[in-house]
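First comes the structure, then the notes that go with it.
Derivation of every value follows stated rules applied to the coordinates shown; laboratory data play no part. None of the values given here were measured: they were computed from a predicted structure. As a convention, Cβ positions derive from the backbone with ideal geometry for all residues, glycine included, and neighbour counts pool all protein chains shown.
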Amino acid sequence: MRDFVLHVTFDDCTEQTIDFRPVLGGRLLGPLRDQHLFNQVQIDQEVHTLVWPNGADFDPATLHNWPDHVDELAKRTREWETRSV
């Protein structure tokens, strides 16, 4: 896959190809712009979601319905980035 893009298959056999670039900002998700850190993604066996070593994660329902959430998440990311400047 491309940088910062993951293909995710869910328990209900649906799939999403998720481009995380628009939401990688702020204190928790911003560090994931480092491709080496981003590539350390794992599936948490307890809650069944994507997690990173820095503590970043996403709600499974958000991932499942990514197209419904990405615009709002990207908007929030831009707001966080603006505030931190």
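Three principal axis extents of segment 4-45 based on alpha-carbon atoms, in descending order, are 32, 22, 16 Å. For the chain, the list of GluC sites (Glu not before Pro) that fall in a loop by DSSP and count at most 14 other C-beta atoms within 10 angstrom reads GLU46. In this simple spin-label approximation, VAL47 and ALA74 carry label points 7 Å from Cα along the Cα→Cβ vector, and these lie 2.5 nm apart.
Based on Cα contacts under 8 Å between residues 6+ apart, segment 5-83 shows a relative contact order of 28 percent. Among the trypsin sites (Lys or Arg not before Pro) in the chain, those placed in a DSSP loop whose Cβ has at most 14 other Cβ atoms within 10 Å are ARG2. Using every Cα-Cα pair within segment 36-85, state what percent have a distance larger than 17 Å. Roughly 50 percent, rounded to a whole number.
With respect to the chain, whose longest principal axis is taken over its alpha-carbon atoms, helix 66-83 is tilted by about 20°.
Within the chain, the chymotrypsin sites (Phe, Trp or Tyr not before Pro) that combine a DSSP coil assignment with at most 14 other C-beta atoms in a 10 angstrom radius are PHE10.
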